[in-house]
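Asker: This is the structure I have questions about; it appears just below.
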Amino acid sequence: MAAMSGRVPDFSINISHRRLACVLDPMLALSRYGLPLLGRLGVAMEVWVARELWHILDNTHFYLEHPGELLAYEHQADRSDLEPALIRTLLDWERIRLENDPARQQCYWIGDSPLESFLPEGIEADMVWRYEMLSAALDQRLADQISPLPAACRDTASMAVCLPSALVLTYMPPHRAEERPTICAVLEQAGIHCREIQADDPWRLKESDLIRQLFVQVGLGKWIWSGLRLAVLHLAAPAACSIETPSRDELEFTEYAGERMDFTKPLVGNDYWCEAQGFWYPL
């Protein structure tokens, strides 16, 4: 009988955890920093983009002729300086989308239907449902806003609320005197107050240090030195916890059929943005 070996068989344990999730502000994505950021952020973070960004890019031909439509919140005197940069960015986005598979763009999104979405593994179908409900509810609060920017901010905010532990990565345009991100101004018009977190807040210090470390690892320091003023926005919407999801059979049928359900009907008497607040700070 052969002697038993005392060697313990080799084995490995893989412990995985979800990366920090961020929703990229569409106006940051359409800035001159947008594409360089997206290409690097996806290496270190789970990056999401708003559905309205794709709607804008699907109509690039229109915005190339009318770039002012995307600069509705800028001062009239600044638009002539900003339009050439915006046009160059739109052309770059158009080229990237034509040359690359969307799945290789290092980001995720919820489309107009399940079949038009690109989601990471492990995302539950009810998350998409909550997003649609939140987006429809916020759309009602922004009903008087007709430019594409409020729609982009609506989708960004809804995504940030329905994703666990997600933050919005935004920025403060360098030419503007007002020291807060544009998305905060839009949300204020929807009744969502956004407050700046003090520089000595221990939670801000801890989180900003973590984010900076991630940025250093993927080589984003040079863009900060180039003048990019990033900011982080968190949204708290307690009433969003009351959203009721449909049955699993109904969700699976919707996903199979590739349909977009009517999310405005369940909103009667429900305000999922009631008492919602925003908290932001510059990086």
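The values are calculated or read from the model by the stated rules, or taken from the named source; none is laboratory data. Everything numeric in this text was worked out from a predicted model, so none of it was measured. Neighbour counts are summed over all protein chains in view; Cβ atoms, including those assigned to glycine, are modelled from backbone coordinates with ideal geometry.
Asker: Kindly indicate which of Leu24, Leu64, Leu41 is modelled with pLDDT of 85 or more and farther than 22 Å from Ile183 by Cα.
Answerer: Leu64
Asker: If we scan the stretch 192-204, do we find a residue that is at pLDDT 90 or above, touching a helix residue (DSSP H, G or I) at 6+ places or on another chain (Cβ under 6 Å), hydrophobic (A, V, I, L, M, F, W, C) and not in a loop (DSSP other than H, G, I, E, B)?
Answerer: Looking through the stretch 192-204, at least one residue is at pLDDT 90 or above, touching a helix residue (DSSP H, G or I) at 6+ places or on another chain (Cβ under 6 Å), hydrophobic (A, V, I, L, M, F, W, C) and not in a loop (DSSP other than H, G, I, E, B).
Asker: Would you call Leu57 touching a residue at least 40 places away in the same chain (Cβ under 8 Å), surrounded by fewer than 24 Cβ atoms within 10 Å (Cβ to Cβ), out of contact with any Phe, Trp or Tyr (no Cβ under 8 Å at 6 or more places or on another chain) and not aromatic (Phe, Trp, Tyr)? Working first, answer last.
Answerer: Values: touching a residue at least 40 places away in the same chain (Cβ under 8 Å): yes; surrounded by fewer than 24 Cβ atoms within 10 Å (Cβ to Cβ): yes; out of contact with any Phe, Trp or Tyr (no Cβ under 8 Å at 6 or more places or on another chain): no; not aromatic (Phe, Trp, Tyr): yes.
It is false that Leu57 is touching a residue at least 40 places away in the same chain (Cβ under 8 Å), surrounded by fewer than 24 Cβ atoms within 10 Å (Cβ to Cβ), out of contact with any Phe, Trp or Tyr (no Cβ under 8 Å at 6 or more places or on another chain) and not aromatic (Phe, Trp, Tyr).
Asker: Just to be sure, is Val218 closer than 27 Å to Leu30 by Cβ and either among the hydroxyl-bearing types (Ser, Thr, Tyr) or out of contact with any Phe, Trp or Tyr (no Cβ under 7 Å at 6 or more places or on another chain) (or both)?
Answerer: It is true that Val218 is closer than 27 Å to Leu30 by Cβ and either among the hydroxyl-bearing types (Ser, Thr, Tyr) or out of contact with any Phe, Trp or Tyr (no Cβ under 7 Å at 6 or more places or on another chain) (or both).
Asker: Checking Ile183 against (1) more than 30 Å from Gly227 (Cα to Cα); (2) at pLDDT 85 or above, which test does it fail?
Answerer: All conditions are met except number (1).
Asker: In this structure, is Asp81 in a helix (DSSP H, G or I) and modelled with pLDDT under 75?
Answerer: Details: in a helix (DSSP H, G or I): yes; modelled with pLDDT under 75: yes.
When the stated conditions are applied, Asp81 passes them.
Asker: Looking for something under 16 Å from the mean Cα position of the chain (by Cα), acidic (Asp, Glu) and over 18 Å from Arg32 (Cα atoms) - is there at least one such residue anywhere in the stretch 186-209? Working first, answer last.
Answerer: To start, the set of residues in the stretch 186-209 that are under 16 Å from the mean Cα position of the chain (by Cα) comprises 186-187.
With acidic (Asp, Glu) added as a condition, the list becomes none.
The answer is no, given that none of the residues of the stretch 186-209 is under 16 Å from the mean Cα position of the chain (by Cα), acidic (Asp, Glu) and over 18 Å from Arg32 (Cα atoms).
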